[in-house]
Protein chains: 2
Amino acid sequence: MSRKISRATAIMENRVALTAFSSIVGKEEGAGPLGQYFDEVSDDAYFGKETWEQGEAELFHKTVKLAMKKGGINPDTLDYIVAGDLLNQCAGSTYGINGLDIPYIGIYSACSTISEALMLGAMLTDSGLSKNLLAATSSHFAAAERQFRFPLHYGGVRTPTAQWTCTASGAIVLSGAETLLDTPDSPVIKAVTTGKIVDYGVTDASNMGAAMAPAAADTIKTFLNDTKMSPTDFDAIVTGDLGGIGTKLLISLLDKDNIQISDNHKDCGSLIFDENIQDVHAGGSGAGCSAAVLAAYFLPKMKKRELKNILFCATGALMSTTLSQQGNTIPCISHAVHISIS
Amino acid sequence: MSRKISRATAIMENRVALTAFSSIVGKEEGAGPLGQYFDEVSDDAYFGKETWEQGEAELFHKTVKLAMKKGGINPDTLDYIVAGDLLNQCAGSTYGINGLDIPYIGIYSACSTISEALMLGAMLTDSGLSKNLLAATSSHFAAAERQFRFPLHYGGVRTPTAQWTCTASGAIVLSGAETLLDTPDSPVIKAVTTGKIVDYGVTDASNMGAAMAPAAADTIKTFLNDTKMSPTDFDAIVTGDLGGIGTKLLISLLDKDNIQISDNHKDCGSLIFDENIQDVHAGGSGAGCSAAVLAAYFLPKMKKRELKNILFCATGALMSTTLSQQGNTIPCISHAVHISIS
């Protein structure tokens, strides 16, 4: 059973193993520096469907099925699917898993969705409530642009601070101690910190890195304080999609509290694109960005013991287009997951 | 620690007490048959703010604060807030709790949100991961109409099958065995069933009762099968917002499986308005409808032992306006929570 060491942080006392993971991305993401790591790269932004939103649901569906295939399991084996995404009403997830007949725990945490799914999934697994569950999310560039900003056909010029919502999906199977899926090569979740809403008053929906950085700083600080760990205990402290601008802010915010993470900080949004070659402005973003980079890049490196401890903190801007247009600020959140392999 | 009796159903083995509950509704809801039961009725659809969406966030905020006040606790006492709502990006919740500094587990389950929040909250409480947490949701008639259907100023004629999204919010404090809040008069959660997505192919966003009824039927059947309980074990089997049309469908669907619930079935959407006097068409709906009716009507009746066992199954239509407009069907879900007092 998990042990709470603060109201936000829980230590896992049983094995919560990440036993299978899959990632599928779009063409632009496949052309980036991590292209070789993803399970599949699709040249078709519609994923064989008629609209971008239907395409995102299909991308979600394919990624979830691929995780099950890689784990050698079928939907019946899964106690729960914990999932959400950026589309209004989490349509990528709900349409993506429609027909799979798996008890569904719908979550919304914007681009920190995969962190929230892993955090909740770890608590349910450690508590014996789940033998195997699937944590998953997705995002889609064209669907997100027209929902959150402008339709692509409008041809709006993106600001220098804008990030590129990745067309990407990541799915991860979490397994308890008694399942056959678990092997000594499976990374495990050791601890989780549930984030609070942090709002520094940013109102610019095209500068999400700046909006989200304070939430990441708050959660990282809480995690380190609660666990008495230091940044050097980790091979990497991984944020979701702060991009170039948000990363600078995060490092400077933590520096004020004498927490230095610049030596081992990695940001999925900065890793996924080559900003010198790809015209993505301030880096990648989107719920699928951190999920796919975790599943494709970090977790396989952990299996090979190239990395042994990472603190994974996807970051979410919980902005509402309606409330943004009404002049409101952007509330943000980040949940932390300590992933380890011995 | 909870005991799983199927992959969807968990039995609570410790006390998970519903120790404080609050409800605030709008004018139309206050004028209905349950008007006297709500903690507060607001004549102002804007709740003192400038827009309906900001008003919904304020309604959410006031309801959450009222639950804490009634329980005699402050935000520091809460391990988590588990919340979501109907607004895009769950803005009612995220803006409504902004500034409260409580670890936040964001969920999306449309009008079944309060069931999902209680289900997850019960699992976290029973597992020792939470001492006190808050489960909450909201909805707002005018904000929902313009988001999901037509702006009110358009003056569109509502169809006979349309339901009236309630302007309402409900918040419930869940407490573990060792907290001072718990008394012998607190109802407790005995078991929960996590719903699956059920999609019978309904595409009419103005006929949600029909879309949701099969999901409620599936979850009620699963709960009864898993627990070996029968409908007569309950003083009431409570659905969220099926309304008149969905209720008929639910009863006939369960009847096919020889499950008779018509004697003790209650629907929050049918209870909240008087259809003969109030022009709401097929009844009330909205995430706040079932949450406010549970908090205002059912739980106080349980405290007084007028009801001893209820099976509470809020129902959600996980429809996306975008995918609905693209001709897709409406996936639905319902989670079941068995609430009891001895």
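Here are the numbers for the structure shown:
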item	result
Other copies of B:LYS70: label-to-label distances in nm, shortest first, labels 7 Å along the beta-carbon direction	4.7
Residues listed by number, the range A:13-47, amide nitrogen under 14 Å from A:ASN74 label point at 7 Å toward C-beta	none
Average partner coverage of B:120-129, which counts Cβ from other chains inside 10 Å	5
Computed E for B:ASP185/B:LYS49 - FRET, C-beta separation, R0 45 angstrom, nearest 0.05	0.80
Fraction of beta bridges assigned by DSSP in chain A that are antiparallel (%, nearest 5)	60 percent
Distances in nm from B:ILE277 to the matching label points in the other copies, shortest first (labels 7 Å along Cα to Cβ)	7.1
B:GLN325/B:THR232 FRET efficiency (R0 45 Å; Cβ-Cβ; nearest 0.05)	0.55
Overall form of the range A:3-175 per C-alpha gyration tensor (a/c, 1.5; a/b vs b/c)	prolate
Karplus-derived 3J(HN,Hα), 6.51/-1.76/1.60, for each residue of the range B:38-53, Hz, glycine and proline x	6, 5, 9, 10, 9, 7, 9, 5, 9, 6, x, 9, 8, 10, 5, 5
Any cysteine of chain B lacking a neighbouring Cys Cβ under 4.7 Å - listed by number	B:CYS90, B:CYS111, B:CYS268, B:CYS313, B:CYS332
222 nm mean residue ellipticity, helices alone, for chain A (DSSP H n ≥ 4; -39,500 (n - 2.57); rounded to 500)	-9000 deg cm²/dmol
DSSP-defined antiparallel bridges as percent of all bridges, the protein assembly as shown, nearest 5	65 percent
Gained length - B:LYS221 relative to B:GLU40, 0.36 nm times residue gap less alpha-carbon distance	61.6 nm
Counted charge near A:ALA211, where neighbours are those whose Cβ lies closer than 10 Å (Asp, Glu -1; Lys, Arg +1)	-2
At R0 = 30 Å, FRET efficiency that the Cβ-Cβ distance of A:ASP101 and A:ARG305 yields, to 0.05	0.20
Counted charge near B:SER23, where neighbours are those whose Cβ lies closer than 11 Å (Asp, Glu -1; Lys, Arg +1)	-1
Local electrostatic count, A:GLY283, Cβ distance below 14 Å [Lys/Arg +1, Asp/Glu -1]	-4
Label 7 Å beyond Cα on the Cβ vector: B:ALA177 copy-to-copy distances, nm	2.0
Cα centroid of the range A:69-139 to Cα centroid of the range B:49-87, whole Å	26 Å
Contour excess over end-to-end distance, with Cα ends at B:SER342 and B:PHE150 and 0.36 nm allotted per residue	64.5 nm
Sorted peptide list for B:136-145, A:223-232, A:25-34, A:196-205, criterion being average Cβ within 10 angstrom, highest first	B:136-145, A:25-34, A:196-205, A:223-232
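Read-outs throughout are calculated quantities, based only on the coordinates presented, and are distinct from any laboratory measurement. All values derive from a computational prediction rather than experimental measurement. FYI the Cβ positions are ideal-geometry reconstructions off the backbone, even for glycines, and counts take in every protein chain you see.
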